[in-house]
Structures are given as structure tokens and as C-alpha cells.
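Enquirer: The structure follows.
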């Protein structure tokens, strides 16, 4: 495989299969992946995906409680952080009682910063794992490359709370943190 430069200029970097296997162990196959593609869903196997064409931030994600896997695109939308906008939408589901549980893949530890000072809970308010090695994401061409910065993965309980399962399964990746510890 080619060693390509992983860049925030492209949001077409998919979560590697071994991480999705861990996601499936905790929440099963997600009902929704709101920042996906047909190609990425071959691995994720979500019941429903939203792609760039669907404009996920302006459409309803659900009207029944669901599980969500979210690896949001980087960059900005109307001069606002795309990650922050997707995070707010996910937190809206939780506030409305429509989230069973979710796993959020943060491409960068910077995601911990951009979700602070929003009108909702931040990533750091939930159980997180900071992998001991940078995650190598997958390009549409099948190339693997890691960003130049650390990643974060968060578990968001909703109606269902599998925090203990998340900590058990994701402890294989790195340091676990929880706001109540």
C-alpha cells in the first residue's frame, strides 16, 4: 500500500476494520452512521447511513431510539467546526431521549477542545480512550495512514449504558479516562 499524506483537506478517511470490530462488540451494528459513505459502510454495516449528498446536519436522524457510530469529517462548515456541529447534533439526540448509545471516533485530540463551550456536554464529559498508537485510517483507495496527532474515541451512553463493556473492550487500545474517575 502507498504511504499517502493523511490530511484534513480530505474528509474521506474511514475507520479501520479492527476499530469497527470493537465498536460492534460494544454497541452491535449501529443503527445509524450519519457521516459515512457506501464504501465505508461495507465495514461499519450500519442499518442506515447519511452521506455528503444527504446533508446530515440539516436532516432528521431519527424519531425512535437508536445506536450511532460517528466518525465526523474534519474541516469547517460555514466557518464552524464540522466536528462541533456533528457533536451538537449527536448530543441533541441524547437530550431528546432518542439515543440508545453511541461511539464517537475523534480523528484528533483537538476534538476535546472544539466540543467545549458548546450548548451541550463535551466529549470529555464521557468515557474516552486515547489510543497508545495513532490510528491508521483508510482512504477510499485502501491506503492506510495515521495523522500526525493523537486520536480519541468516546462512548456516549443514552437510554442504554454499557460503559463497563466499552472500558473492557477499548482498554486494549490505550489509556481510558472517565470524568467520574
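Enquirer: Can you tell me which residues in segment 122-135 are surrounded by fewer than 17 Cβ atoms within 10 Å (Cβ to Cβ), in a loop (DSSP other than H, G, I, E, B) and under 16 Å from the mean Cα position of the chain (by Cα)?
Expert: Across segment 122-135, the qualifying residue is only 134.
Enquirer: Can you name the condition, by its number, that residue 165 falls short on among (1) closer than 22 Å to residue 36 by Cβ; (2) at pLDDT 95 or above; (3) not in a loop (DSSP other than H, G, I, E, B)?
Expert: Going through the list (1) closer than 22 Å to residue 36 by Cβ; (2) at pLDDT 95 or above; (3) not in a loop (DSSP other than H, G, I, E, B), residue 165 breaks only (1).
Enquirer: To continue, here is another question. Taking only segment 62-84 into account, find how many residues are farther than 20 Å from residue 19 by Cβ and in a loop (DSSP other than H, G, I, E, B).
Expert: Result for segment 62-84: 7.
Enquirer: Would you confirm whether any residue within segment 105-116 is farther than 26 Å from residue 51 by Cβ, outside any helix (DSSP H, G or I) and under 12 Å from the mean Cα position of the chain (by Cα)?
Expert: No: zero hits.
Results for (1) surrounded by fewer than 23 Cβ atoms within 10 Å (Cβ to Cβ); (2) in contact with a strand residue (DSSP E or B) (Cβ under 8 Å, 6 or more places away or on another chain); (3) not in a loop (DSSP other than H, G, I, E, B), shown as yes or no for each residue.
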site	(1), (2), (3)
23	no, yes, yes
41	yes, yes, yes
60	yes, no, no
103	no, yes, yes
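Enquirer: Within segment 62-78, which residues are more than 13 Å from residue 105 (Cβ to Cβ), touching a strand residue (DSSP E or B) at 6+ places or on another chain (Cβ under 6 Å) and either surrounded by 21 or more Cβ atoms within 10 Å (Cβ to Cβ) or without any contact (Cβ under 8 Å) to a residue 60 or more places away in the chain (or both)?
Expert: Passing the criteria: 66, 67.
Enquirer: Could you check segment 147-159 and list, in sequence order, the residues that are modelled with pLDDT of 95 or more and surrounded by fewer than 14 Cβ atoms within 10 Å (Cβ to Cβ)?
Expert: 159
Enquirer: Take residue 172 and tell me if it is in contact (Cβ under 8 Å) with a residue 12 or more places away in the chain, under 15 Å from residue 69 (Cα atoms) and part of a loop (DSSP other than H, G, I, E, B). Spell out how you get there, then give the answer.
Expert: Details: in contact (Cβ under 8 Å) with a residue 12 or more places away in the chain: yes; under 15 Å from residue 69 (Cα atoms): no; part of a loop (DSSP other than H, G, I, E, B): yes.
So residue 172 does not fit the description; no.
Enquirer: Would you call residue 93 out of contact with any helix residue (DSSP H, G or I) (no Cβ under 9 Å at 6 or more places or on another chain), surrounded by 14 or more Cβ atoms within 10 Å (Cβ to Cβ) and either without any contact (Cβ under 8 Å) to a residue 24 or more places away in the chain or farther than 25 Å from residue 170 by Cα (or both)?
Expert: When the stated conditions are applied, residue 93 does not pass them.
Enquirer: Another question, if that's okay. On the basis of being in contact with a helix residue (DSSP H, G or I) (Cβ under 6 Å, 6 or more places away or on another chain), more than 15 Å from residue 70 (Cα to Cα) and buried (at least 16 other Cβ atoms within 10 Å of the Cβ), does residue 114 make the cut?
Expert: yes
The values are calculated or read from the model by the stated rules, or taken from the named source; none is laboratory data. All of these numbers come straight from a predicted model, not from anything done at the bench. Positions of Cβ are backbone-derived with ideal geometry, glycine not excepted, and every protein chain shown enters the neighbour counts.
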